[in-house]
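Quick notes on the structure that follows.
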Amino acid sequence: MDKTSIHGMWSSRLMFILAATGSAVGLGNIWRFPYMTSDNGGGAFVLIYLGCILLVGLPILMAEILIGRHGRVSPVNTLRGLVRESGVSRGWVGIGWIGIVAGILILSFYSVVAGWTLHYTFLYVKQMFGGAPISDPGATFASLLGNPLELTFWHAAFMLLTVMVVALGVEKGLERAVRFLMPALFVLLLLLVIYGMTTGYMGQAAVFLFRPDWSVIDGGTFLRAMGQAFFTLSLGMCTMMTYGAYLPLKGVSIPRVGIAVALTDTCVALLAGLAIFPVVLSFGIDPAGGGPGLIFTSLPLAFEAMPFGIVYGLLFFGLLAVAAWTSSISLLEPATAFLVERFGVKHRKRAAIMIAGLSWVLGLLSVLSLNRLSGVRILGRDIMTFIEFIANDLMLPLGGLLIALFAGWALNRTILREQLSDMPESLFLVWRWLMRVVAPLLVLIVLVRAVV
């Protein structure tokens, strides 16, 4: 029977794909994936990455969606119901708690970094109206990181944008937001790619990104591709499980929507590279210097020198802000859904504010780790990096590993076939084998590598 979630339902398959893609596409896609591609064999890395998507990312993504669609509630309560139906240990419910806690922790520092994109967007808006140019990007960025009050303001502003969407629910909040934000993200990205074509360096950028260089491929490359494939699809934090709970049973194929999300996510990441690298190369900037140093220091220097650079800078940081926003919404939703089920639908706004407030307070530790508490080290890491290590490098792989094992070994086969009814038996058996053997083994390798 096609139960309806108390939180609401996606109005169409397209809305789910937009929301799930919005969750997957974030700051890491816009810069980290192009940088990793260029630094790990170009086209060779892309092929390995796509293989990892097929063997690990897509199967676990499908598992999260089907678990959520069957349960129709938050991850914790969905797993409680599935444990009873399948007659297995209640310990599997811990998957939901791992996802919720990881989401809160990730949102805490993600909001801080996303606040940087809002700050730079504001700087370019000011320039549009005659404000001072960013003549010394390095000093501008250092000044931002060294100012805890300014960081806190932008951290709060971004968290407010996130909670405003989640507090309104699925139809009025999440769906309305992705209906506007995802097309806006695609338009901004295409505008930046078109501008990149005018630099005369698009060909070099394509070679830099996609020329296969098998000489640099080693075991570490496979592990990096595996990690990127896993993290880019927002797996292990139960986001896709939560979004799957709002997905209609009839007329929607889980394998098809899963493939659509994975392909769209990858295309956005590759297009981001084609938007950024032509500009980088045209100004003689070393594209191998990836990360915040390039985004917030080198690129603004190029923007100041290029024609219509203010407009390009505004579009670029606006794109980053939108990508961060769609991801942060999905980080807040699972914990909010759990509180709504506990205290009632009429308390959704209060639930969203409570979870966002907790994450915002935790985020103050990341703010202070950039300045006042920069000397504090935990296991050799600053506070922000340590929180990121616990959530991203440990909790997400652990959650993904347990989801694969639960779907492959513990979940009732009848439930699996009901949710994957359009999948031929031969493909179903392949998917189940991937969930039982291949995905757990490969995710375990990533997890062990992170610990060691």
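The combined condition, being in a helix (DSSP H, G or I), open to solvent by 10 Å² or more (accessible area, probe 1.4 Å) and either modelled with pLDDT under 90 or closer than 28 Å to N40 by Cβ (or both), is not fulfilled by L320.
Out of curiosity, is I30 out of contact with any strand residue (DSSP E or B) (no Cβ under 9 Å at 6 or more places or on another chain), open to solvent by 10 Å² or more (accessible area, probe 1.4 Å), assigned to a helix (DSSP H, G or I) and among the β-branched types (V, I, T)? It is false that I30 is out of contact with any strand residue (DSSP E or B) (no Cβ under 9 Å at 6 or more places or on another chain), open to solvent by 10 Å² or more (accessible area, probe 1.4 Å), assigned to a helix (DSSP H, G or I) and among the β-branched types (V, I, T).
The condition of being part of a helix (DSSP H, G or I), more than 30 Å from S11 (Cα to Cα) and open to solvent by less than 40 Å² (accessible area, probe 1.4 Å) holds for only one of L301, L274, that being L274. Looking only at region 237-247, decide whether some residue is farther than 26 Å from I104 by Cβ and touching a residue at least 60 places away in the same chain (Cβ under 8 Å). The answer is no; no qualifying residue exists.
Scanning region 233-259 for residues that are among the hydroxyl-bearing types (S, T, Y), farther than 19 Å from H7 by Cα and crowded, with 24+ Cβ neighbours inside 10 Å turns up just one, S234. Out of the residues in region 405-419 meeting the condition of being closer than 24 Å to L447 by Cβ and in a helix (DSSP H, G or I), tell me which one is most open to solvent (accessible area, probe 1.4 Å). Applying the filter and picking the extreme gives W409.
Farther than 27 Å from R256 by Cβ, open to solvent by less than 30 Å² (accessible area, probe 1.4 Å), among the small types (G, A, S) and under 18 Å from the mean Cα position of the chain (by Cα), is that true of S38? Against the criterion (farther than 27 Å from R256 by Cβ, open to solvent by less than 30 Å² (accessible area, probe 1.4 Å), among the small types (G, A, S) and under 18 Å from the mean Cα position of the chain (by Cα)), S38 does not qualify. Being surrounded by 24 or more Cβ atoms within 10 Å (Cβ to Cβ) and at pLDDT below 90 is a property that does not hold for G43. Per the conditions (1) under 27 Å from the mean Cα position of the chain (by Cα); (2) in contact (Cβ under 8 Å) with a residue 40 or more places away in the chain; (3) open to solvent by 20 Å² or more (accessible area, probe 1.4 Å), the sole criterion not satisfied by D422 is (1).
Of all residues in region 355-380, those that are touching a residue at least 40 places away in the same chain (Cβ under 8 Å) and more than 16 Å from V101 (Cβ to Cβ) have Cβ atoms under 6 Å from Cβ atoms of residues that are assigned to a helix (DSSP H, G or I) and among the polar types (S, T, N, Q), 6 or more apart or on another chain, in V367/T152. Take region 111-142 and flag every residue that is of a type in the set (D, E) and in contact with an Asp or Glu (Cβ under 7 Å, 6 or more places away or on another chain). Selection gives nothing.
Restricting attention to region 338-361 and to residues that are open to solvent by 50 Å² or more (accessible area, probe 1.4 Å) and at pLDDT 95 or above, the residue that is farthest from I6 (Cα to Cα) turns out to be V361. For region 1-16, the tally of residues that are buried (at least 21 other Cβ atoms within 10 Å of the Cβ) and either of a type in the set (D, E) or outside any loop (DSSP other than H, G, I, E, B) (or both) stands at 2. For region 85-97, the set of residues classified as surrounded by fewer than 24 Cβ atoms within 10 Å (Cβ to Cβ) and either within 17 Å of I390 (Cβ to Cβ) or not acidic (D, E) (or both) consists of S86, G87, V88, S89, R90, G91, W92, V93, G94, W97, listed by residue number. The set of residues in region 107-126 being open to solvent by 10 Å² or more (accessible area, probe 1.4 Å) and either touching a His at 6+ places or on another chain (Cβ under 6 Å) or under 18 Å from D393 (Cβ atoms) (or both) consists of F109, Y110, V113.
Among the residues of region 197-244, which ones are in a helix (DSSP H, G or I) and over 29 Å from P59 (Cβ atoms)?
M197, T198, M202, G203, Q204, A205, A206, V207, F208, S215
The residues listed here are I310, I329; of these, the one that is assigned to a helix (DSSP H, G or I), surrounded by fewer than 23 Cβ atoms within 10 Å (Cβ to Cβ) and not hydroxyl-bearing (S, T, Y) is I310. Inside region 385-404, residues that are more than 16 Å from G68 (Cα to Cα), of a type in the set (A, V, I, L, M, F, W, C) and open to solvent by 20 Å² or more (accessible area, probe 1.4 Å) make up a count of 8.
The values are calculated or read from the model by the stated rules, or taken from the named source; none is laboratory data. Everything numeric here is computed off the predicted structure, so don't read it as measured data. Methodologically, a virtual Cβ is constructed for each residue, glycine included, from the backbone with ideal geometry; neighbour enumeration extends over all protein chains shown. Keep in mind that these areas ignore ligands, DNA and RNA; they rest on the heavy atoms of the full protein, side chains included. Shrake-Rupley method; radii C 1.70, N 1.55, O 1.52, S 1.80 Å.
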